[in-house]
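Single-structure report; data block below.
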Amino acid sequence: MLVGTSETVRMFSSCLCSKSEHKKGNDELNHLKIRQWIAGVIDGDGHFHISKKGYVELSVVMEARDIACLYKIKQRYGGSVKATSHARALRFRWHLMAGIQQVINDVNRLILNPVRYLQLKKVCSIYNIDVLPSLTIEYNSAYLSGLFDSDGSVYYNKQSMQVFITVSQKGREWLDILVSVYGGVVRSANKDASAFKWTVSKKFDILNLIDNYFHWNNCVSAKNKKFGLVKHFYYLSSIGALKAPEGSVLGKSFTQFVDRWETTNNLDN
């Protein structure tokens, strides 16, 4: 009965160590993903503010339907989530030193927005923390999902019958980074070129993003509901429903799709 016992114990111990190391690796990856997502949200809708007395505050303002994003940040750092003076906007706010330092430790090297990076640099100088150069964004970074939660959109054009995935910002240089990693193009969003929009419009590229990126880097905002509808849109397009008469079976199926799409645009949903 005792023959081979030591070998069995070693194999069992090795198995336990392997599982423990695997769990540790997953925990570290999840921790990194959260930090990347937060950096994306802060780059989009966040703001580091320093008062005249030298007090530091982080605020993130988002639409009411995206309250889940703000509570996810609050769960990590503390702080408060309250309505702004605008009826449909909410603000996360945090100003205690310990919490701000944790934010800095989380997003240092992950901030890409030049404006936000400058704000972070000023905050770091107050706390005597070295601000680190930004890392090169990689395809599987959860940064894009956070940025998309804050300043992204999915919409379809009724005239051209095309679907678009976009991220809008005032600076172009920062959005050009997305093109180098995820494809798409950056164009002026208005006539005076004071704002820019990263746009992905090709069917292959959009489905690739949904299946190979957002499937593994889930959005927290209500915009996440759109991805399943996008696939259904392409299915309806493939069977001719987009051009079918309104009263036909295919035409009615497209009308139902439009109603579901509009429902996801409703701030109360």
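Given the conditions (1) of a type outside the set (Ser, Thr, Tyr); (2) crowded, with 17+ Cβ neighbours inside 10 Å; (3) touching a residue at least 24 places away in the same chain (Cβ under 8 Å), report the number of the one that residue 140 does not fulfil.
If we test residue 140 against (1) of a type outside the set (Ser, Thr, Tyr); (2) crowded, with 17+ Cβ neighbours inside 10 Å; (3) touching a residue at least 24 places away in the same chain (Cβ under 8 Å), just (2) comes out false.
Quick check on the range 195-247: of everything there that is assigned to a loop (DSSP other than H, G, I, E, B) and of a type in the set (A, V, I, L, M, F, W, C), which residue is surrounded by the most Cβ atoms within 10 Å (Cβ to Cβ)? Steps first, please.
First, pick out the residues of the range 195-247 that are assigned to a loop (DSSP other than H, G, I, E, B): 195, 201-202, 215-221, 239-240, 244-247.
Retained after the next criterion (residues that are of a type in the set (A, V, I, L, M, F, W, C)): 195, 216, 219-220, 239, 244.
Values: 195: 13, 216: 11, 219: 23, 220: 19, 239: 11, 244: 17.
It comes out as 219.
Suppose the filter is surrounded by fewer than 20 Cβ atoms within 10 Å (Cβ to Cβ), touching a strand residue (DSSP E or B) at 6+ places or on another chain (Cβ under 8 Å) and modelled with pLDDT under 95; does residue 134 pass it? Explain how you work it out, then say what you get.
Values: surrounded by fewer than 20 Cβ atoms within 10 Å (Cβ to Cβ): yes; touching a strand residue (DSSP E or B) at 6+ places or on another chain (Cβ under 8 Å): no; modelled with pLDDT under 95: yes.
Judged against the criteria, residue 134 is not a match.
Could you check residue 51 against (1) within 30 Å of residue 222 (Cβ to Cβ); (2) modelled with pLDDT of 85 or more and say which number it fails?
Going through the list (1) within 30 Å of residue 222 (Cβ to Cβ); (2) modelled with pLDDT of 85 or more, residue 51 breaks only (1).
The values are calculated or read from the model by the stated rules, or taken from the named source; none is laboratory data. All values derive from a computational prediction rather than experimental measurement. Positions of Cβ are backbone-derived with ideal geometry, glycine not excepted, and every protein chain shown enters the neighbour counts.
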